[in-house]
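Heads up, the thing below is written out as structure tokens.
Please treat every number below as a calculation from the coordinates, not as lab data. Since this is a predicted model, take the numbers as computed values, not measurements. All Cβ positions, glycine included, derive from the backbone under ideal geometry; neighbour counts span all protein chains shown.
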Amino acid sequence: MLYTRSIEPVLKDAANSFPAVFLTGPRQSGKTTLLKTLFPEHRYISLETPSILEQLQEDPINFLQSPTTQWVIDEAQNFPKLFSYLQGIIDAQPQPGRFILSGSQNFLIHEKISQTLAGRTAILQLMPLSYQELVTQHPHPDLNNLLFYGGYPRPRHENIRYDLWFNSYIQTYLERDIRSLVHIKDLLLFQRFLKVCAHRHGQLLNLSALAIDCSISQTTARDWLSHLETSYITFRIAPYFKNYTKRLVKTPKLYFYDSGLICHLLGIESLEHLQSHASRGAIFEGFLISEMIKAQLNKGKSPTIYFWRDHKGLEIDAVNESGGQTRFYEIKSSQTFHREYLHSLMKVSKLAEDHQIQKNLIMANEGTSTLHDITVMGWKEFLRGL
């Protein structure tokens, strides 16, 4: 079963325009499958294969210099010096699409490319399956099913038990990525940190409280969280910068990209358990915000998602600036409409005095209506429009 990935047209355009394309994203998001499918004529190598890595390290110029060979190089971050060698090869023969690379460590990739391949490389990001990608094979997904199982392709494709798969994913992630980025003596303590972060999904980030709860220093908490972001496990969204009042919250909010991983870390064991879980609202909110980010990344754009909150707690869950328009989104996991759900949207829009703002309430039901110039829509209608 192959899912149609929304990023495919952008990836093909990039390969026709740049001598090198780097596709990054979390482990198991489907990068290898996508690149092998889109570039079948390219020679594929993985730098996680010890013999291949050793050959490349011994004589990279001789290994790569054939002008007639096009390459897909997987897990390229395992040989950081590769980028310097590619610069010379590309400058000598800047053939479009000659090198298609992939990797799963965002910071390292951007650092090396900015040093050696700036202007020669397109950087794209492939995240776990979006709703629009998932429905290419599962046309009528249930909301709780989406939230509980998440978007990683492999367990859906191979019918693997999700609890076993996520356990393995976390262990592999800890061993491969985190230990390659930073020396962690106590992996159990880091796993605890990961779970504590999961309990703060959708909340304002308080590094001091996070550090205290894990019995680590604030510096360590900051570093570990940075590595979670580097490996595409978590992300932060910043507060919206337009100062509608002079006392706005300036602290970012913390989210996990994948709802299935969050459910696993929170110990949610079934669809029924999720339905009644106290964090279901935060999981639903994070799912929709992650979908907005995926939609922008799949178009080759940088995410422009924020939130708005003042010191009194008045809040808009998501603000999206794109195409010259500003859209406010209030997100409720209820299937039953209550008029108070419109309160924040109406109040903040008055503070903004900006009639161009599009105001939206997204709920866990279906259908679309309009109340007080606010669009009330179900989650499917919202996701179909991204």
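Rounded if a/c is under 1.5, else prolate if a/b is larger than b/c, else oblate: which is the stretch 8-125, with a ≥ b ≥ c the root eigenvalues of its Cα gyration tensor? Let's see the in-between values first.
Values: a/c = 1.21, a/b = 1.09, b/c = 1.11.
Rounded.
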(message) Going by amide H atoms built from the backbone, whose H comes under 5 Å of the H on Thr326, apart from near neighbours?
(response) Gln358
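For the chain, what is the calculated [θ] at 222 nm in deg cm²/dmol (nearest 500), taking -39500 (n - 2.57) for each run of four or more DSSP H residues and dividing by its residue count? Write out the running numbers ahead of the final one.
Values: 18 runs with 164 residues, N = 386.
Rounded to the nearest 500, the figure is -12000 deg cm²/dmol.
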(request) Please order Ser104, Ser29, Ser322 by the number of other Cβ within 10 Å, starting at the fewest. (result) Ser322, Ser104, Ser29
(request) Return the loop-located trypsin sites (Lys or Arg not before Pro) in the stretch 290-340 (DSSP other than H, G, I, E, B) with at most 10 other Cβ atoms within 10 Å of their own Cβ; answer none if there are none. (result) Lys312
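Among the listed pairs Lys312/Lys350; Lys31/Lys250; Lys299/Lys380; Lys253/Lys294; Lys12/Lys299, which are separated by more than 23 Å between their Cα atoms? Show your work: numbers first, answer last.
Values: Lys312/Lys350 16 Å; Lys31/Lys250 35 Å; Lys299/Lys380 20 Å; Lys253/Lys294 18 Å; Lys12/Lys299 12 Å.
Table pairs above 23 Å Cα-Cα are Lys31/Lys250.
Using Cβ counts within 10 Å as a stand-in for footprinting exposure, how do Leu187, Leu345 rank, fewest first? Can you show the working numbers first?
Values: Leu187 13, Leu345 22.
Going from least to most buried by this count: Leu187, Leu345.
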(request) Work out from phi, with θ = phi - 60° and the Karplus expression 6.51 cos²θ - 1.76 cosθ + 1.60, the ³J(HN,Hα) of each residue of the stretch 258-269, listed in order in whole Hz, and give x for Gly and Pro. (result) 10, 5, x, 5, 4, 4, 5, 5, 7, x, 7, 9
(message) I'd like the orientation of helix 218-230 relative to the chain: the angle between its Cα long axis and the longest Cα principal axis, in ° from 0 to 90, rounded to 10.
(response) 70
(message) Taking the Cα centroid of the stretch 56-94 and of the stretch 342-386, what is the distance between the two, rounded to the nearest whole Å?
(response) 49
